[in-house]
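These notes concern the structure reproduced below.
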Amino acid sequence: MKKNFRGLFFTPYVLWLAMFVIAPVALIFYYSFFDIHHNFTLANYQEFFTSGTYLTMTANSVLYAFLITLFAILISYPMALVISKLKHRDLWILLVILPTWINLLLKAYAFIGLLSHDGLVNELFQFFGLPIQHMLFTDASFILVAAYIQIPFMILPIYNSLTDISNSYIRASRDLGATKWQTLTKVIIPMTLPGIKSGIQIVFIPSLSLFMLSRLIGGNKVITLGTAVEEHFLTTMNWGMGSTIGVVLIISMVIVMLLTNTKRKRRRA
Amino acid sequence: MEDKASRTGKIYITIVFLLLYIPIVYLILYSFSKGTTMTNFQGFSLKHYGELFADKRMLAIFLNTILIALLSSVCSTIIGTMGALAVHNAKRRHERETLLSLNSILLVSPDVIIGASFLIFFTALKLPLGFWSVLLSHIAFEIPIVLLLVLPRLDEMSPSMTNAAMDLGASPSQILSKIVLPYIQPGIIAGFFMAITYSLDDFAVTFFVTGNGFTTLSVEIYSRARQGISLEINALAGIMFIFSLILVGVYYLIETHNTGNGAKKSIVEVTDR
Amino acid sequence: MKKFLAAFIAILALCGGLAYGSNQLTKSTGDTGNKVLNLYNWGDYIDPALLTKFQKETGYHVNVETFDSNEAMYTKIKQGGTSYDLTVPSEYMVEKMKTDHMLIPLDKSRLTGMNNYGSSFMNKSFDRGNKYSIPYFWGTLGIIYNDQSIKPGSLEHWNQLWSTKYRNDIMLIDSARDIMGFSLISMGKSVNTTNSAELIKAKDKLNQLSPNVKAVVADEIKMYMAEGEAPVAVDWSGEASEMMSQNSHLHYVVPTEGSNMWFDNLVIPKTAKHFKAIYAFLNFMSKPENAAQNAEYIGYSTPNTTAYKLLPKNIRDDKQFYPDQKVIDRLQVYSNLSPQKVQEYNDLYLEFKMHH
């Protein structure tokens, strides 16, 4: 009886996997073996792994995605920690999510207005007697804006796992004479690892294929894999090469998943 | 739950909140500008709101967008939660890893790839493009995020709780509705809100799978970029934002007033095992 | 569980309300009967007042759906599942769609007002005899500069962009054909060259431009230039008119040695169904007063020379957007290249972008 119940219960999810994941992935794999003349070939993979262009791009993407994720964690963890201690914490966390409901392009345009040469930030700088800064099209502004976009996605899972920690653990740790810092590093952070891991998965993986922000804010000074995919699918219509990059992204995602999932302990089993 | 945040903590989150909201305040501010673009504020005017309310096409697009966002988020939250249970109950480790990897493929694939492959898929099935194809696609790409937000809660749940309930003769459905769901509720709510985010933000997938006059706000905004995005869009974003702010406030008031304390206590007690 | 159920029902009820509301709104715009025309257009690329006028005159309601790039539009139409009656591709895309059998030839006997179009804008290489397309708007590729840092009239040639004067000053539009194109023109070559050696030379020349390039951006270039983020940009005339209306310090110039001339054109894709409406609309848009109204709203140059005469004097006399015949004669139109060549242009362009 139990088996039946479970089987029925998981049907929608499995159906989804089959229709919207397995089928498209099969399609992407299939396309990745064809050139622009629809001939079967391995040339796409050969080009990807031998041409300096794509390898540099991959290295760039990984580096920037790493930095974006790092910044997002550094800002988000304390944020989630403080919010989880507030009285109306559920309200505050909703207020973290709300900015994500505004269209990305509009927010990016707002950032252009804020950071540009005659923008609001520079006017503030001038007001305080500071020299005007060229902020757009720098790595720093690109990483900061990307981190800005990703922060809510990082705060949420961390907050989720923080609210889960029972106060008794923290009290126990205090009673045993741990300092605040020790409580944080020895009790709280280890217990929120699952949240941090899903935060990394939600932030790092999509950051590998950013293209909008790298153009809008970064001025295409950083070319990521996302830019190349966009170009292959929409400009040159070389779906084969685009799919090949897609396959590489999927494989690197699997690697990230394996890395972030290895140390799964059933602590309280 | 009393307020235990330290002073520095409060200052810190005030700063981060300010940073989070500055771009939004900025673009709402410009919706009141007399000018036509998001540069150089040119005096207060409500004309962009006038334009917006006269633009029936834009208003219809707006309602469609919200409709798709809510409907797809409800469906994906249900399916995603089921998926999280499936992954959580996976017996062998490699089974779990495979499911998780498959789950995240849609998160990692660039939107154009997903959009193009969904388009091929729908046309192969002879499904007409429009409302239903957009709804299905949104459900599809929202499921993974829901799962990733629900799963950590499930994994944190002590198996001894369900074991005890089972020993006491509770049926699987009772265990699910009385123990598991209340426990993972915060994850489910987070998943629902993130699903809405994904739906509202998506351009590329919607663009490819839409048709027959059905459009969402994102598609309209992106395709206006070549001509320059008019401040009418800012006005719409502003209204939407204020509206969701009010909605969140009302939701929260009801929540704390009615069930608030009772329900929260019970969760806390369960946790304090 | 009860709470979930209650929330679920509340959301479904809200959805019902939204669906009803959007349905009412669509109805109120007159979008229900069979008298419709499905127009697949760039976003905000037609004066909405004209659509209302068209419905009043003919009874056809125009459903507008939008796209943001030629290639995205091509993919959508090629894949099917849609029923667009008219769309607005650029010139090279007209040629590509024609080659791929995605267009329906125009029935000239049902068209009126074709003599309103200027001869410089008809019978172009991408569609000889205008068998498939009617020009909608046209323009050029050129240089935009800010007179606060650059003396008016001092920047008139492509080669000047390479000057050390403009270190980190130039913004480029993110488009392989256009950027490779002006490099080719600056060397006196054709923008449609298929000679790989010439292409590599053009890329090498672009690499030397790198220190001057501040950024390579797309539509947002308008906002950047209007904000004064950079003093020089290479962009299309349509975008230029948009930014100049926001910042009076900006000027547009088409380099004298030549440039690209682009067209957006009305065509009938193979997905079309409502032919009566299509021809009513094409004839409506060819009428000088309508074309002029549209040109004023959009701010691009109209190929309808009778309509041009109806435009206000300040627009008509604007040499930046309606250049002399002498300049027009030196403009080159892009032709559709083979997929390998498109790939070659793009690969080289990508290398240039990575170089900087």
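The numbers here are math on the coordinates, done by the rules we state, and not lab data. Since this is a predicted model, take the numbers as computed values, not measurements. Every residue, glycine among them, receives a Cβ derived from its backbone with ideal geometry; neighbour counts consider all protein chains shown.
Sequentially through region C:132-138, phi angles give Karplus couplings (6.51, -1.76, 1.60; θ = phi - 60°) of 10, 9, 10, x, 10, 9, 9 Hz, Gly and Pro residues having no value and appearing as x.
Among the listed pairs B:34/C:319; C:131/C:273; C:201/C:353; C:189/C:353; C:96/C:353, a Cα-Cα separation exceeding 24 Å is found for B:34/C:319; C:96/C:353.
Given Cβ point charges of +1 (Lys, Arg) and -1 (Asp, Glu) and nothing else, what value in debye, to the nearest 20, does the dipole of chain A about its Cα centre take? It would help to have the intermediate numbers written out before the result.
Numbers: 20 positive and 10 negative charges, 393 e Å.
That gives chain A a dipole magnitude of about 1880 debye.
Among the residues of A:144-152, the average count of other protein chain beta-carbon atoms within 10 Å of the residue beta-carbon is 2. Each residue of region C:62-74 is assigned a 3J(HN,Hα), and the resulting list reads 9, 8, 9, 10, 10, 9, 10, 7, 4, 5, 5, 4, 4 Hz, derived from the Karplus form 6.51 cos²θ - 1.76 cosθ + 1.60 (θ = phi - 60°), x at Gly and Pro.
Quick check on region B:7-271: take the gyration tensor over C-alpha atoms, sort the square-rooted eigenvalues as a ≥ b ≥ c, and tell me if it's rounded (a/c under 1.5), prolate or oblate.
oblate
Mean partner shielding of peptide C:332-343, defined as the number of other chain Cβ atoms within 10 Å of each residue Cβ, is 2.
Taking A:157, A:206, A:24 in turn, the Gaussian network model of chain A (Cα-Cα springs below 10 Å) assigns the largest fluctuation to A:24. Each part gets one Cα centre, and for region C:112-187 versus region A:99-142 those centres are 30 Å apart.
Shielding by partners for peptide B:48-60, expressed as the average number of C-beta atoms from other protein chains within 10 Å of each residue's C-beta, is 3. When the charge dipole of chain C is built from unit charges on Cβ atoms (+1 for Lys and Arg, -1 for Asp and Glu) and taken about the Cα centre, the candidate among C:170, C:74, C:152 whose Cα reaches farthest toward its positive end is C:74.
Hey, with R₀ at 41 Å, roughly what FRET efficiency would residue C:208 and residue B:42 work out to, going by the Cβ-Cβ distance, to 0.05? Rounded to the nearest 0.05, the efficiency is 0.50. Based on the Stokes-Einstein relation at 4 °C and a viscosity of 1.567 mPa s, and on the Kirkwood radius from alpha carbon pairs, region B:42-85 is assigned a translational diffusion coefficient of 99 µm²/s.
Among beta bridges from DSSP that stay inside the protein assembly as shown, the antiparallel ones total about 55%. Taking a point 7 angstrom from the Cα of residue C:325 along the C-beta vector, which residues in region C:117-146 have backbone N less than 11 Å away? Answer for this model: C:119-120. Quick check: Cα centre of region C:307-330 to Cα centre of region C:274-294, how many Å? Each part's Cα centre sits 22 Å from the other's.
Pull out the extension gain between residue C:11 and residue C:35, defined as 0.36 nm times the separation in residues minus the alpha carbon to alpha carbon distance; nm, one decimal. All intermediate terms of the calculation are to be shown ahead of the outcome.
Numbers: separation 24, 0.36 × 24 = 8.64 nm, distance 3.52 nm.
Here the segment from residue C:11 to residue C:35 would lengthen by 5.1 nm.
Set Lys and Arg Cβ to +1 and Asp and Glu Cβ to -1, take the dipole of the protein assembly as shown about its Cα centre, and tell me which of C:262, A:196, B:228 lies farthest positive. Positive-end residue among those listed: A:196. I want the local charge near residue C:297. Using Cβ-Cβ distances under 11 Å, sum +1 for each Lys or Arg and -1 for each Asp or Glu among the other residues. Value of the local net charge: -3.
Classify region C:259-356 from the C-alpha gyration tensor, please: rounded if a/c falls under 1.5, else prolate or oblate depending on whether a/b exceeds b/c.
On the way: a/c = 2.73, a/b = 1.34, b/c = 2.03.
Verdict is oblate for region C:259-356.
Between A:96, A:222, A:21, the Gaussian network model of chain A with springs among Cα atoms under 10 angstrom shows the greatest mean-square fluctuation at A:21. Along the positive direction of the dipole of chain C (beta-carbon charges: Lys, Arg +1; Asp, Glu -1; about the Cα centre), which of C:20, C:252, C:125 reaches farthest? Sorting the options by dipole projection puts first C:20. Remark on residue C:117: its backbone amide H falls under 5 Å from those of C:305, a criterion applied only to residues 5 or more positions apart or on other chains, H modelled at 1.01 Å from N. Distance distribution note for the protein assembly as shown: the fraction of Cα pairs above 36 angstrom is 50%. Highest mean first, the peptides A:138-150, C:5-17 sorted by other C-beta atoms within 10 Å per residue fall in the order A:138-150, C:5-17. Label-to-label distance, residue C:57 versus residue A:11, with points set 7 angstrom from Cα along the beta-carbon direction: 5.7 nm.
Once backbone amide H atoms are built at 1.01 Å from N, residue C:104 has C:268, C:270 as its partners under 5 Å, excluding neighbours fewer than 5 places away on the same chain. Using the Cα gyration tensor of region C:27-171, with a ≥ b ≥ c the square roots of its eigenvalues, what is the shape: rounded (a/c below 1.5), prolate (a/b larger than b/c) or oblate (neither)? Prolate, because a/c is 1.5 or more and a/b exceeds b/c. Between the amide H of residue C:61 and those of C:36, C:37, distances stay under 5 Å, these residues lying 5 or more places away or on another chain, with hydrogens modeled in the peptide plane.
Region A:18-91 and region A:162-193 have their alpha-carbon centroids 34 Å apart.
What does the charge dipole of chain B about its Cα centre add up to, to the nearest 20 debye, if the Cβ of each Lys and Arg holds +1 and the Cβ of each Asp and Glu holds -1? It would help to have the intermediate numbers written out before the result.
Working: 19 positive and 18 negative charges, 24 e Å.
About 120 debye.
Our coupling estimate for region C:338-352, obtained by passing each phi through the Karplus curve with A = 6.51, B = -1.76, C = 1.60 and θ = phi - 60°, is 5, x, 4, 5, 4, 4, 5, 4, 5, 5, 5, 5, 4, 4, 4 Hz, Gly and Pro reported as x. Only DSSP H runs of four or more residues enter the estimate; each adds -39500 (n - 2.57), and after division by the residues of the protein assembly as shown the mean residue ellipticity at 222 nm equals -19000 deg cm²/dmol.
Packing, as the average of other Cβ atoms within 10 Å across residues, places the peptides C:69-80, A:177-188 in the order C:69-80, A:177-188, highest first.
For chain A, a Gaussian network of Cα nodes joined below 10 Å ranks A:137, A:48, A:125 by mean-square fluctuation, and the top entry is A:125. Put a plus charge on the Cβ of each Lys and Arg, a minus charge on the Cβ of each Asp and Glu, and nothing anywhere else: the dipole of the protein assembly as shown about its Cα centre is then about 2640 debye.
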